[in-house]
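J.: Sending over a structure as structure tokens; questions will come in a sec.
The values are calculated or read from the model by the stated rules, or taken from the named source; none is laboratory data. Since this is a predicted model, take the numbers as computed values, not measurements. Note that each Cβ is placed from the backbone with ideal geometry, even for glycine, and that neighbours are counted across all protein chains shown.
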2 protein chains.
Amino acid sequence: MKTIREPHLMQRQADDLRLGGKRIALVPTMGALHGGHAALIREARTRGDAVVVTLFVNPAQFGEGEDYGRYPRDIDGDVRLASGAGGDILFAPETAAMYPPGYRTFVNVEKLSLPLEGAVRPGHFRGVATVVTKLLNITKPHCALFGQKDAQQVVVLRRMVRDLDFGVEIVVVPTVREEDGLAMSSRNAYLTPAERGEAPALYRSLRMAEELVRAGERSAGAVIAAITREITGRSSAAIDYVSVADAESLEPLSTLSPGASVLVSLAARFGTTRLIDNIHITL
Amino acid sequence: MKTIREPHLMQRQADDLRLGGKRIALVPTMGALHGGHAALIREARTRGDAVVVTLFVNPAQFGEGEDYGRYPRDIDGDVRLASGAGGDILFAPETAAMYPPGYRTFVNVEKLSLPLEGAVRPGHFRGVATVVTKLLNITKPHCALFGQKDAQQVVVLRRMVRDLDFGVEIVVVPTVREEDGLAMSSRNAYLTPAERGEAPALYRSLRMAEELVRAGERSAGAVIAAITREITGRSSAAIDYVSVADAESLEPLSTLSPGASVLVSLAARFGTTRLIDNIHITL
């Protein structure tokens, strides 16, 4: 696997690949790669002649007091994992090359950026939309792959790619989980052993919610209350939110109607570690 | 010249051109083409194998109470002028194809969008940055040409193209003027004969300002006062602003120092018609 550091060299490489008629598949990451990223890269391998994995811890999507400074970094491990999963090019730019002095331009997806993660992390999706715009322009992919774990990110980016006419196919890959159900996340590395033991409560609560709905529960409030009880009753987690929303508009639902496409999502803190998870239910 | 209406067909055409190794030169316009646009298209002809002229009156860059509804439209005349000046493709999308229901994404160039035109027309440059992002993604040009008449637009778009890594060369073409000095503009068509007679006062005041500076004047305030006197003393125009600013940061200057790159710009209203003009002075 080839590593490229300079945006203009990556862009020239992308232009050359396209001129040669090659299909480019992009997997944007913040590094600290795990099995979830490996699944994205393997899927990209089936869809592109050239698989570009980007590695950039994007300061624009971290708020004040968040974990930008301590976000896990392990470029040697990342190169091994990305290469093993089928990556061709690792694009790992310096922060100063992505946001040079005098940088001023931001992309905002209105409305969809505001609830859920956006409410707890103001400006987060503005940072995500901006860096993904830059990465799409630099790597010129035919398709870009994202994990379902970041459900709102997928909704925001689908809208952005459609609105700004990027002409890039967004491919969403199912969340990859540990054996006990915990969604794979670079932030799992922050958990103490005790917290790690409790963290599967998140996915357990979501599966329980799905069973409730399959058994006929139609009140979003009842579903949210059951999830909250399951998490707070069986772990030390503090809940940021539990949401039952329309999977495309992200608007909160009060009733789960026939035909609805429902995103059940949550965020919770174990000590200082903030985790998210979600499931998608089609009625 | 070929006319394309559908964004996805234009994008496919652009992909085909690029695959064939062709250089694409873009001239974005709002139609009602005049000699200034012809100069842009002729310059594009020397820089590209395929010259794409876009024609789209972009609602996102008009404020409430502005002239969106009455902005001059003349597609037959536009086709003749663009074709005669060397255009290959006219891309003229419908508004609903550019901003379909549920549209949510906007590009903002912070700080540079706020003074001058941005102060009088809030949201204007957000609309410009957004539509140009879309047009760059749809037409995939190697270079894009803009007129110096819209000086702040050039500053905002240069910053945007650099910040978002579009990899597109921005080419700025000098303002084209009528014989009496009035900058060519689609909005000149709104002027009554009496207003048309007075309108050259704008450029006359700018040339006078340049002479003052060449003669040693270094006070921005004195330059602004002289321009204001010249316009209001010799015409019925109401001035929106007269500005002496750094040509890149657009920050107002109080003193014109050696080596400075200075943008002297103004906006004024003749009746309900709002005109802008500017000159660039390097000391």
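J.: When you look at B:Glu178, is it closer than 24 Å to B:Arg70 by Cα, surrounded by fewer than 19 Cβ atoms within 10 Å (Cβ to Cβ) and within 20 Å of the chain's Cα centre (by Cα), yes or no? Reasoning before the result, please.
T.: Values: closer than 24 Å to B:Arg70 by Cα: yes; surrounded by fewer than 19 Cβ atoms within 10 Å (Cβ to Cβ): yes; within 20 Å of the chain's Cα centre (by Cα): yes.
Spelling it out, B:Glu178 is indeed closer than 24 Å to B:Arg70 by Cα, surrounded by fewer than 19 Cβ atoms within 10 Å (Cβ to Cβ) and within 20 Å of the chain's Cα centre (by Cα).
J.: Does A:Val171 fit the bill of being buried (at least 20 other Cβ atoms within 10 Å of the Cβ), more than 28 Å from A:Ser254 (Cβ to Cβ) and β-branched (Val, Ile, Thr)? Walk me through how you get there before you give the answer.
T.: Working: buried (at least 20 other Cβ atoms within 10 Å of the Cβ): no; more than 28 Å from A:Ser254 (Cβ to Cβ): yes; β-branched (Val, Ile, Thr): yes.
When the stated conditions are applied, A:Val171 does not pass them.
J.: Is one or more of the residues making up the stretch A:193-212 surrounded by fewer than 16 Cβ atoms within 10 Å (Cβ to Cβ), among the hydroxyl-bearing types (Ser, Thr, Tyr) and on the phi < 0 side of the Ramachandran plot?
T.: No: zero hits.
J.: Right, next: Just checking: which of the strands (runs of 3 or more DSSP E) contained wholly in the stretch A:1-57 hold 1 or more residues that are away from chain B (no Cβ under 14 Å), of a type in the set (D, E, K, R) and within 20 Å of A:Asp76 (Cβ to Cβ)? Give the derivation first.
T.: Working: elements: A:2-4, A:24-29, A:50-55.
Filter on the stretch A:1-57 gives A:2-4.
J.: Filter the stretch A:155-175 down to the residues that are on the phi < 0 side of the Ramachandran plot and either without any contact (Cβ under 8 Å) to a residue 12 or more places away in the chain or part of a helix (DSSP H, G or I) (or both) and list them by number.
T.: Taking the stretch A:155-175 and keeping what is on the phi < 0 side of the Ramachandran plot, we get A:155-164, A:166, A:168-175.
Scanning the stretch A:155-175 gives A:Val155, A:Val156, A:Leu157, A:Arg158, A:Arg159, A:Met160, A:Val161, A:Arg162, A:Asp163.
J.: If the requirement is being of a type in the set (D, E, K, R), in contact with an Asp or Glu (Cβ under 9 Å, 6 or more places away or on another chain) and modelled with pLDDT of 95 or more, which of these qualifies: A:Asp150, A:Asp163, A:Asp180?
T.: Working: A:Asp163 fails: in contact with an Asp or Glu (Cβ under 9 Å, 6 or more places away or on another chain); A:Asp180 fails: in contact with an Asp or Glu (Cβ under 9 Å, 6 or more places away or on another chain).
Just a single option satisfies the conditions, and that option is A:Asp150.
So that you can scan it fast, the table gives a plain yes or no per residue for (1) of a type in the set (S, T, N, Q); (2) out of contact with any Pro (no Cβ under 9 Å at 6 or more places or on another chain); (3) facing chain B (nearest Cβ under 8 Å):
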site: A:Pro101; (1), (2), (3): no, yes, no
site: A:Arg104; (1), (2), (3): no, yes, yes
site: A:Asn108; (1), (2), (3): yes, yes, yes
site: A:Pro115; (1), (2), (3): no, no, no
site: A:Arg121; (1), (2), (3): no, yes, no
site: A:Arg126; (1), (2), (3): no, yes, no
site: A:Pro141; (1), (2), (3): no, yes, no
site: A:Val161; (1), (2), (3): no, yes, no
site: A:Ile170; (1), (2), (3): no, yes, no
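J.: Then there is this: Somewhere in the stretch A:87-106, is a residue in the same structural domain as A:Ala151 (by TED's automatic domain parsing), touching a His at 6+ places or on another chain (Cβ under 7 Å), within 16 Å of A:Met30 (Cβ to Cβ) and not aromatic (Phe, Trp, Tyr)?
T.: Keep residues of the stretch A:87-106 that are in the same structural domain as A:Ala151 (by TED's automatic domain parsing), which gives A:87-106.
Now narrow it down to the ones that are touching a His at 6+ places or on another chain (Cβ under 7 Å): none.
Checked the stretch A:87-106: no residue is in the same structural domain as A:Ala151 (by TED's automatic domain parsing), touching a His at 6+ places or on another chain (Cβ under 7 Å), within 16 Å of A:Met30 (Cβ to Cβ) and not aromatic (Phe, Trp, Tyr).
J.: Could you go through the stretch A:219-239 and let me know if any residue there is closer than 16 Å to A:Asp277 by Cα, of a type in the set (A, V, I, L, M, F, W, C) and in contact (Cβ under 8 Å) with a residue 40 or more places away in the chain.
T.: Looking for residues that are closer than 16 Å to A:Asp277 by Cα, of a type in the set (A, V, I, L, M, F, W, C) and in contact (Cβ under 8 Å) with a residue 40 or more places away in the chain, one finds at least one in the stretch A:219-239, hence yes.
J.: Which residues, taken from the stretch A:41-63, are farther than 19 Å from A:Thr95 by Cβ and either basic (Lys, Arg) or surrounded by fewer than 18 Cβ atoms within 10 Å (Cβ to Cβ) (or both)?
T.: A:Arg42, A:Arg45, A:Thr46, A:Arg47, A:Asp49
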